[in-house]
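Report on the structure given below.
The values are calculated or read from the model by the stated rules, or taken from the named source; none is laboratory data. The shown structure was predicted, so the numbers you read here are calculated from the model rather than taken from an experiment. Here the Cβ positions follow ideal geometry from the backbone for every residue, glycine too, while neighbour counts run over all protein chains shown. We work out accessible area using only protein heavy atoms, side chains counted, and drop any ligands, DNA or RNA first. Shrake-Rupley method; radii C 1.70, N 1.55, O 1.52, S 1.80 Å.
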Amino acid sequence: MMTTEVSDAMVEALAAVAGFAIEPAYRPGVAANLALLLERAALIATPPLDATIEPAPVFRA
Amino acid sequence: MPAPPSGVLAVSRAVRGGAVGARAVLEARLARIAALDPTLNAFTAVLADRARAEADAVDATIAAGGDPGPLAGVPFGVKANYDVSGRTTLAGSIVNRGRPAARADAVLAARLRAAGAVLVGIQNMDEFAYGFTTENAHYGATRNPRDTRRSAGGSSGGSAATVAAGLVECALGSDTNGSIRVPASFCGILGLKPTYGRLPRTGTFPFVHELDHVGPFARSVGDLALIYDCLQGHDAGDFACAERAPDLTAPFLGDLPAGIRVAVLDGWFADMADETARRAVATVAAALGAVDRVVLPGAEKARAAAFLLTMASAANLHREALTTRAGEFDPATRDRLLAGLLAPAGPVMQAQRYRHAFQREVRAAFERHDLLLAPATPCVAPLLGEPTFRVAGLDLPTRANVGMLTQPISFVGLPVVSVPVSAGALPIGVQIIARPWAEGLALRAAARLERQGVIRVEVAEP
């Protein structure tokens, strides 16, 4: 399993881009969860999906 | 006084036939709740006054020669994300305390009441349904009635625990990534997660709109099918609810049609399960004549995509509270949701598209098979507070991972009946997975297992 490094400073910077602030005490926990999210993102990043595959914002089973 | 009957069908038959009053059944359940719930912590509110009024109304209807309905006098509970008239829907949080009280019961609760059932109380859950263990910083942990040192599973843990312990005959929960199937597995009862869009979520507090399902728990297949039939039908209040007529299942629980092809899911679903879980699947497979094994190569990615969508979508839902009063959240939920607010758009869009990619893969599997089997959980119920569990040589965080075998299935909205198999002292669930809208077939398979004695649910005596 790969490990993705996310620093407290990255969390602070991303939150600023998103337009809010995260309390310093929460940043390590948020960083750990963001790292997990980015690991999962890497897992589905490749191979590229066929161009005919649409997003499923309203899913139909 | 003899003990009142147990189970949905037995209670409703006895009440409709005049053998016992709905009020008497209710009082027995309230007494059991008073005795056991201080240990189990499965209810966040017991609605005794309201329930007594409902039970008395059922008895009055019978006294007047009327029929209260197929669920006459059946005590049930709802997860804390269901609206209950006159109360604020807290969904396991304190964040929602300032919201107005619900003006009506959630549609599914109202449908059960219209069929004669009696709403007894509101049940504990992980905060906003974000967890698999019902360890809640605000309301405490729910204890598993099969072994009170252990987790009841989550996020519908209170609902499952109350059904397993005989505090109610059935309950309503929700399942976004496994939150019906995981607690059903750990508590040793049956749970049904219908096809995405089958049952209306109107009047429930959302977690992840595009993944949220609602469904029932019960202790027998006949009970589960009857409740499910009473719940079915379109409601315009839920944007995702399909406009389909009810597809009744309870009258059709006879044996499986000839030629039904059942397969065991291999790969991710076997690799990430321990020996006990694999043995439970083998038992069910043997009883259903499953020989083939099927690999869904995209299962791990489907799980990853569901994880990502959940984090980003739930975070967006709670953005206002997260950015102004994050301290009100359960710490375990808070950090995950705050991280979700920082998710880049690219992976979120990829996860949305991956849903259709995995759907293609699953459809191909259902061209060759009618039912697929997989463990509901990688292992039996873990001890409360256990930070990790071990599977495939890995120590994985419990709260976020015990749903790793349910998550890929709900990601593509397939209907699943989770059936409990005895695994020594503790039960474990097996998912019977059908193609979309084929809940009835999964229930028929479960009914066969029940007739064969493969599944048999006793009321737990904690």
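Determine the shielding of peptide B:307-320 by partner chains: average, over its residues, the number of Cβ atoms on other chains within 10 angstrom of each Cβ.
Details: counts 7, 8, 3, 0, 5, 1, 1, 0, 0, 0, 0, 0, 3, 0.
So the per-residue partner count for this stretch is 2.
Could you tell me which of rounded, prolate or oblate describes region B:91-228, using a ≥ b ≥ c as the square roots of the eigenvalues of the alpha-carbon gyration tensor, with rounded for a/c under 1.5 and, failing that, prolate when a/b is larger than b/c and oblate otherwise?
On the way: a/c = 1.37, a/b = 1.03, b/c = 1.33.
Since a/c stays below 1.5, the shape of region B:91-228 is classed as rounded.
Roughly how many Å² is the accessible area per residue of region B:1-126, as a whole number, for a 1.4 Å probe?
On the way: 4920 Å² over 126 residues.
Accessible area per residue: 39 Å².
With the convex hull of its Cα atoms as the shape, region B:285-343 has an orientation-averaged projected area of 6.3 nm².
Taken as Cα centroids, region B:150-220 and region B:1-49 sit 20 Å apart, rounded to the nearest whole angstrom.
Expressed as a whole percentage, what fraction of the accessible surface of region B:100-193 belongs to carbon and sulfur atoms when a 1.4 Å probe is rolled over the protein heavy atoms? Could you put the intermediate results ahead of the total?
On the way: 780 of 1660 Å².
About 47 percent, which is the carbon plus sulfur part of the accessible surface.
Restricting the chymotrypsin sites (Phe, Trp or Tyr not before Pro) of region B:171-257 to loop positions (DSSP other than H, G, I, E, B) with no more than 11 neighbouring Cβ atoms within 10 Å leaves B:F239.
Just how large is the dipole of region B:323-461 about the Cα centre, in debye to the nearest 20, putting +1 at every Lys and Arg Cβ and -1 at every Asp and Glu Cβ?
On the way: 15 positive and 12 negative charges, 102 e Å.
Computed charge dipole of region B:323-461: roughly 500 debye.
Using a cutoff of 8 angstrom between alpha carbon atoms and counting only pairs six or more residues apart, the relative contact order for chain B works out to 18 percent. Note on chain B: with charges restricted to the Cβ of Lys and Arg (+1) and Asp and Glu (-1), its dipole about the Cα centre is near 240 debye.
Report the longest stretch of chain B that contains none of the GluC sites (Glu not before Pro) sitting in a DSSP loop with at most 14 other Cβ atoms within 10 Å. Please report the intermediate quantities before stating the final value.
On the way: sites that count: B:E243, B:E458.
Here the longest segment lacking exposed loop sites spans B:1-242.
Restricting to bridges with both residues inside chain B, how much of the DSSP beta-bridge set is antiparallel, in percent to the nearest 5?
Values: 36 of 50 bridges.
Bridges in chain B that DSSP calls antiparallel: roughly 70 percent.
For the protein assembly as shown, the share of DSSP beta bridges that are antiparallel, to the nearest 5, is 70%. For the pair region B:420-437 / region B:258-275, the C-alpha centres are spaced 12 Å from each other. Take the accessible area of A alone and of B alone, subtract that of the pair with a 1.4 Å probe, and the total buried over both chains is about 3500 Å².
Restricting region B:390-462 to trypsin sites (Lys or Arg not before Pro) that sit in a DSSP loop and have at most 14 other Cβ atoms within 10 Å of their own Cβ leaves B:R456.
A 1.4 Å probe run over region B:263-421, with the rest of the protein chains in place, finds 32 Å² accessible per residue. Approximating the spin labels as points 7 Å out from Cα along Cα→Cβ, the B:A425-to-B:D255 distance works out to 3.9 nm. Evaluated with a Cβ-only charge set (Lys, Arg +1; Asp, Glu -1), chain A carries a dipole of roughly 160 debye about its Cα centre, given to the nearest 20.
The radius of gyration of the Cα set in chain B, together with its Dmax, comes out at 20.4, 65 angstrom. Each of B:G298, B:A19, B:F205 was placed along the dipole of chain B (beta-carbon charges, centred on the mean Cα), and the one lying farthest toward the positive end is B:G298.
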